[in-house]
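Q: Structure provided below as structure tokens; questions to follow.
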Amino acid sequence: MDGPSNSAQLVLLHFGRTRLALSQRVVRSLEATADVEFGSVPPPALGAIATTAGRWPVYALDEELEPLRHVPRARRICALLATEGGLFGVLCDEAQVLARQGLTAYPLPLAMRRAGTPVEGVLDGAGVALLTSARALAIVVNVGAGLAPAGEREDR
Amino acid sequence: MSRAAGWLLALGNHRAAVGVREQVHLMLDPAAAELAATPAHCRHVIFWNERCVPVMDLGRWLDASAGLGPAEQRRHLGIYAYQQNAQAQVEFGALWLARPPQRIEVDDTAAAPLPHARARWARVAAACFADALGAVPILALSRIFSGALAD
């Protein structure tokens, strides 16, 4: 599992008012949205970003974690996330690294679990954030539909 | 004839009741955190006694087509204890309330059918009684917070 429960460091990605926490292990790099080549790949990806390891599809999410077809101006960072299938980029407003110490993680209450939600839990301590994983986000943006040949594999 | 004590709750424009021991805490001016990607009727949590407690807007769920009601309908929070079965551990859920709960006593001669106008009551009520203002469903809290209403 690539969720943040076992990681000493978390990365908080901001999507408007919504903050998502992921294990730092799966956040391979933070790039500038200006480096994304928009329109260069078929939907559902919005564009692609090149690294030394390959060229990866890029997606955007709104505050409700639904895929976007247009990129809000505030999404100035591209977080490159790792799954078993390769890397993909998610555009966000801000990103910050956070020590896990002093934060409390809770499972998402049953009454709040919608089918297909990428939210795996709730993090309290430095404000409130939603816990998720690269794998869950990959499903939401449908990475498989636009993924380039696999590059790096996720560390385990 | 047997009598039972309970709390009368104002859930948006609806009334309902719970057993007197089911209500464990009342927050008159709560600070609830809103979470993205959650159902419209259950958007908030509170952190209470080292737990993350979901806050249900049952009035909104009952009136699903009406959208979000005025903020006065979500002024207070009641926290309720429930068990999925007698052997299960006690769990907690919260309900938005328009007014502080009112202590009531009900006897079994007041039993009544659920309101016909809202078929959804059957999914969240264990029983029903009537008072001078009409039917008052008695909430089945374990059903409400089990996830059965999530989608």
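Q: So how much slack lies between A:Ala145 and A:Ala74, counting 0.36 nm per residue of separation and subtracting their Cα-Cα distance, in nm?
A: On the way: separation 71, 0.36 × 71 = 25.56 nm, distance 2.57 nm.
Extending this stretch completely gives an extra 23.0 nm.
Q: Once the Cβ-Cβ distance between B:Arg103 and B:Asn13 is put in as r, and R0 is 22 Å, what FRET efficiency do you end up with, to the nearest 0.05?
A: 0.55
Q: Could you tell me which of rounded, prolate or oblate describes the protein assembly as shown, using a ≥ b ≥ c as the square roots of the eigenvalues of the alpha-carbon gyration tensor, with rounded for a/c under 1.5 and, failing that, prolate when a/b is larger than b/c and oblate otherwise?
A: Numbers: a/c = 2.85, a/b = 2.39, b/c = 1.19.
Judged from the Cα gyration tensor, the protein assembly as shown comes out prolate (a/c at least 1.5, a/b above b/c).
Q: Something else about it: Which ordering of B:Met1, B:Met27, A:Met112 is given by a fewest-first count of other beta-carbon atoms within 10 Å?
A: Numbers: B:Met1 5, B:Met27 17, A:Met112 26.
Fewest to most other Cβ atoms nearby, the residues stand as B:Met1, B:Met27, A:Met112.
Q: So how do A:135-144, A:20-29 stack up, highest first, on mean other-Cβ count within 10 Å?
A: A:20-29, A:135-144
Q: Also, quick follow-up: Using a 10 Å cut-off on Cβ to Cβ distances, tally the other chain neighbours for every residue of A:57-70 and report the average as a whole number.
A: Counting other chains' Cβ atoms within 10 Å and averaging over A:57-70 gives 1.
Q: Quick one: the Cα spread of the range B:3-144 along its three principal axes, in angstroms, biggest first?
A: Principal axes ranked by extent give 43, 37, 25 Å for the Cα atoms.
Q: OK, next. For B:46-54, what's the mean count of beta carbons from other chains sitting within 10 Å of each residue's beta carbon?
A: What the average comes to for B:46-54 is 4.
Q: Which value in nm describes the separation of the simple spin-label points at B:His25 and B:Gln87, placed 7 Å from the Cα toward the beta carbon?
A: 2.9 nm
Q: Where both residues lie in the protein assembly as shown, what percent of DSSP beta bridges are antiparallel, nearest 5? Walk me through the numbers before you get to the answer.
A: On the way: 77 of 85 bridges.
Approximately 90 percent, going by the DSSP bridge assignments.
Q: What does the structure give for A:98-111 when I average, per residue, the other chain Cβ atoms found within 10 Å of the residue Cβ?
A: Numbers: counts 0, 0, 0, 0, 0, 0, 3, 1, 6, 1, 6, 17, 10, 17.
Counting other chains' Cβ atoms within 10 Å and averaging over A:98-111 gives 4.
Q: Then there's this: Could you work out the Kirkwood radius for chain A, taking every pair of different alpha carbons, averaging 1/r and inverting it, reported in Å?
A: Value: 15.4 Å, from the Cα pair sum.
Q: How large is the helix-only mean residue ellipticity at 222 nm for the protein assembly as shown, computed as the sum of -39500 (n - 2.57) over DSSP H runs with n ≥ 4, divided by its residue count, in deg cm²/dmol to the nearest 500?
A: Helix contribution divided over all residues of the protein assembly as shown: -1500 deg cm²/dmol.
Q: Using a 7 Å offset from the Cα along the Cα-to-Cβ direction at both B:Asp131 and A:Ala53, what is the distance between the two label points in nm, to one decimal?
A: Here the modelled spin labels are 6.2 nm apart.
Q: So for B:Tyr82, A:Tyr106, A:Tyr59, fewest C-beta neighbours within 10 Å to most, what's the order?
A: A:Tyr106, B:Tyr82, A:Tyr59
Q: Using R₀ = 30 Å, calculate the FRET efficiency as 1/(1 + (r/R₀)^6) where r is the Cβ-Cβ separation of B:Asn49 and B:Ser142; round to 0.05.
A: After rounding to 0.05, the efficiency reads 0.95.
Q: What ranking of B:His44, B:His25 emerges when the number of other C-beta atoms within 10 Å of each C-beta is taken as an exposure proxy, fewest first?
A: Starting with the residue having the fewest Cβ neighbours, the order is B:His25, B:His44.
Read-outs: derived from the displayed coordinates by stated rules, not from any lab. Given the structure is predicted, the values throughout are model-derived calculations rather than measurements. Don't worry about glycine lacking a Cβ; one is built from the backbone with ideal geometry, like all the others, and counts go over all protein chains shown.
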